Structure formats: structure tokens, C-alpha cells
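Q: Sharing a structure with you now.
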Amino acid sequence: MKINTLVLSLSLLCVGAMTTVSSCVAAYDAASVENLTNISNKLPALMGKATEAYSKHESDATTLLSDIGKAATHAASLKKNKEVADSWKILQNDLVTPFFTRWKEKGKLDKDFIKEATMQVTKSLDAIKRAESAKKK
């Protein structure tokens, strides 16, 4: 599996464009920031453990995927928040789910693959963070 950098680039472009048009974005939402902070702290750390057996971390992976799904659903429920909601869906469907699926199928992953995937996930989370920071408080 190869992580689709085009999808990530488009997601970052959408979020970047959204941050420049402040009148078209959702208002600040504390739950969104809490979701983002929680996932940003846990996801890269868990991905770094993919050199170990997936079975050892399956519960954490399942919980984190659920948390990302809830964050995406919450983002989609907010008015004027389509770009951020789309970015969450891209993170979930195009980056994180395929990573965990591959980890589960292979049992363990290569350090270079983990490093690249984690870098892309971190960039996506950073883009969402910038969009959330640009919202009116």
C-alpha cells in the first residue's frame, strides 16, 4: 500500500484555503479542539509502535479509529465547517484506516514506512489545527 500524497496535498490545500476566508468558516468550537488535541497526542505515538505486533495494540487502534470517526462526525455537524470535516474524513479514510489495516494484515511494519506515514498524518493534523486556530473565538 502506498499512501496517496495527492489526496493529502488536496486536503492541505482545502484547509489552507479555508483559513484565508475567515468569514466563511465555523466559529470556534471547544469540542473540536479537544478532539484534535486528544488525537494529535495519541495517533503518532501509536503509529510509532507499528514495529510491534498489531495484536498487542489492536484495542488502542480500534479506539483511536472510533475517536477519529467521532471527530469527523462532529466536524461535519458544524455550520460552515465542510473543509475541516472533509479533512477529517481524508485523515480517517485515506491515511489512518489504510495504515492500521496494513499493520493488522502484516503483523508488523517497516520503520521507513511508519516514518513516512506518520509524517503525512502529522501534516494532516497540523493543517486541521491551523484551520481550527483560525476560527473566530
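The values are calculated or read from the model by the stated rules, or taken from the named source; none is laboratory data. No experiment lies behind these values; they were computed from the predicted model shown. Note that we place each Cβ from the backbone using ideal geometry, even for glycine, and neighbour counts take in every protein chain shown.
Q: Looking at the structure I just gave you, is residue 80 modelled with pLDDT under 95, out of contact with any Leu (no Cβ under 6 Å at 6 or more places or on another chain) and either under 29 Å from residue 132 (Cα atoms) or part of a helix (DSSP H, G or I) (or both)?
A: Criteria met by residue 80.
Q: Moving on to the next point. Name the single residue, out of those in the range 10-47 being surrounded by 12 or more Cβ atoms within 10 Å (Cβ to Cβ) and polar (S, T, N, Q), that is modelled with the lowest pLDDT.
A: Filtering first and then ranking leaves 19.
Q: Another question, if that's okay. Kindly indicate the residue of the range 62-81 that is surrounded by 15 or more Cβ atoms within 10 Å (Cβ to Cβ) and over 13 Å from the mean Cα position of the chain (by Cα) and also nearest to residue 100 (Cα to Cα) among those meeting that condition.
A: Here the answer is 74.
Q: Which one of these is under 17 Å from residue 57 (Cα atoms) and hydrophobic (A, V, I, L, M, F, W, C): 114, 90?
A: Unique residue meeting the criteria: 114.
Q: Residues to consider are 82, 49; find the one that is farther than 28 Å from residue 112 by Cβ and free of Cβ contacts under 8 Å to residues at least 12 places away in the same chain.
A: Within the list 82, 49, the selection yields 82.
Q: Just to be sure before I move on: is residue 101 over 15 Å from the mean Cα position of the chain (by Cα), assigned to a helix (DSSP H, G or I), among the β-branched types (Val, Ile, Thr) and modelled with pLDDT of 95 or more in the structure I sent?
A: Taking the combined requirement at face value, the residue satisfies it.
Q: Same structure, new question: Can you tell me how many residues within the range 37-62 are among the small types (Gly, Ala, Ser) and not in a helix (DSSP H, G or I)?
A: Number satisfying all stated conditions: 3.
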